[in-house]
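Structure record follows, encoded as structure tokens.
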Amino acid sequence: MNSILKEIGKIGIVPVVVLQDPKEAEPLAGALCRGGIPCAEVTFRTDAAEESIRIISEKYPEMLVGAGTVLTTEQVDRAVAAGAKFIVSPGLNPDVASYCIEKDVPIVPGCATPSEVEKAVGLGLEVVKFFPAEAAGGLNMIKSMAAPYTKMKFMPTGGINAKNLNQYLAFDKIVACGGSWMVSGDLVKAGAFDQIEALSAEAMQNMLGFELKHVGINAPNVGEANGIADQFTNAFGFAKKEGNSSIFAGNLIEVMKEPYLGQMGHIAIGTNSIERAEYFLAKKGFTVQEETRKPATGKTKAIYLTNEFGGFAIHLLQK
């Protein structure tokens, strides 16, 4: 898959933005980036779109800004010249799609039927926009179309919101979801960029679903590990369960049979997507220890951060 589309997949959410004034572009981009969503699809159906893309790409070069509602090859040229890193169209126009492929510009055309998806496959595309998502059958329709077209991935847009976002993203054939609930026209027009930032941060937290799963305590040996686990069992009635390298007391306390990572032990944080969590945390300066990735290949189920928090190592755990 194209590197830009891969990165969009790691972000998970593509805000769909309609800008009426280029002056809105910079504060909007700043709000999205501070909220944890360094991505935007700026619809190309307003006079302000081209200049807005130029401003965002210049002021926030780290941001993935694309042009949406692109209908012609001439618009492709204008959008790319302004700094658009990807193109999105509401439908599948073979001329526009082929032109983007020829120019090595990532394009995500809209497809709502198997026939359209098949045309996209024939053009060599790997990702299509499923639009209008909810009106065209939602997640069930995507799953039905994904069954015969096993290598195609989807970016649903239209009717996606905070309530149904995770239902869509839980399906592994969905790269990311487009949505506008955090960047509504009313908020942009009102200059409510603090609110846009807050809604963006809320959307990311909702998508990542961070929650405490358990606390690990480093014991010096098996005997002391059993003793610590017994204390929790005797005091609180937590069920004791022994594994190869640790002993659990209930679901939230893990006692290591010998010291592992972390001066004191470790804290496991569950997430809906380790890949997206890694990307999100990297933007905040947190790195991971590759040697701790489990499994080493394939979909990651657990991985430790390099940083310790209060003497505790932190590991991400796939829910």
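Toward the positive end of the charge dipole of the chain, with +1 on the Cβ of Lys and Arg and -1 on the Cβ of Asp and Glu, the farthest Cα among 171, 33, 247 is that of 247.
Mind jotting down the distance between the C-alpha centroids of segment 164-211 and segment 5-26, whole Å? Result: 11 Å between the Cα centres.
Using R₀ = 35 Å, calculate the FRET efficiency as 1/(1 + (r/R₀)^6) where r is the Cβ-Cβ separation of residue 2 and residue 215; round to 0.05.
Values: r = 41 Å, r/R0 = 1.16.
Approximately 0.30, to the nearest 0.05.
Under 16 Å of direct C-alpha separation, and excluding same-chain neighbours fewer than eight residues apart, residue 189 reaches these lysines: 23. Note that segment 240-245 has calculated 3J(HN,Hα) couplings of 9, 9, 9, x, 5, 10 Hz, one per residue in order, obtained from phi through the Karplus relation 6.51 cos²θ - 1.76 cosθ + 1.60 (θ = phi - 60°); glycine and proline are x. Remark on residue 258: its backbone amide H falls under 5 Å from those of 219, a criterion applied only to residues 5 or more positions apart or on other chains, H modelled at 1.01 Å from N. Only Lys, Arg, Asp and Glu carry charge here, each on its Cβ (+1 for the first two, -1 for the last two); on that basis the chain has a dipole of about 740 debye about its Cα centre.
Rounded to the nearest whole Hz, the Karplus-based 3J(HN,Hα) values (6.51 cos²θ - 1.76 cosθ + 1.60, θ = phi - 60°) of segment 271-286 follow the sequence 8, 6, 8, 5, 4, 6, 5, 4, 4, 4, 5, 4, 5, 9, x, 9, with x at glycine and proline. Would you work out which of 52, 158, 63 lies farthest towards the positive end of the dipole of the chain, given +1 charges on the beta-carbon of Lys and Arg and -1 on that of Asp and Glu, about the Cα centre? Of the options given, the answer is 158. Taking amide H atoms as placed 1.01 Å from N in the peptide plane, the amide H of residue 266 lies under 5 Å from those of 216, 217, 218, 313, each 5 or more residues away in sequence or on another chain.
Counting DSSP beta bridges in the chain, what percent are antiparallel, to the nearest 5?
Working: 20 of 53 bridges.
Close to 40 percent.
Helical content alone sets the calculated 222 nm signal of the chain at -10500 deg cm²/dmol, taking -39,500 (n - 2.57) per DSSP H segment of four or more residues and averaging over every residue. Using the Karplus relation 6.51 cos²θ - 1.76 cosθ + 1.60 with θ = phi - 60°, the per-residue 3J(HN,Hα) values for segment 177-192 come to 10, x, x, 10, 5, 8, 9, 4, x, 5, 5, 5, 4, 7, x, 8 Hz, with x marking Gly and Pro. Modelled this way, with points 7 Å down the Cα-to-C-beta line, the labels at residue 170 and residue 297 are 3.0 nm from one another. Amide H contacts for residue 130 (H built 1.01 Å from N in the peptide plane; partners 5 or more residues away or on another chain; cut-off under 5 Å): 111, 155, 157. Most simply put, segment 211-318 has about 65% antiparallel DSSP beta bridges, counting only bridges with both residues inside it.
Ranked by the mean number of other Cβ atoms within 10 Å of their residues, highest first, the peptides 226-238, 18-30 fall in the order 18-30, 226-238. Considering only 217, 196, 138, the residue lying farthest towards the positive end of the dipole of segment 129-249 is 138, judged by Cα position with unit charges set on Cβ.
Read the figures in this text as sums done on the coordinates, not as results from a lab. Remember, predicted model here, so these are calculated numbers, not experimental data. Reconstructed Cβ throughout: ideal geometry from the backbone, glycine too, with neighbour counts over all protein chains shown.
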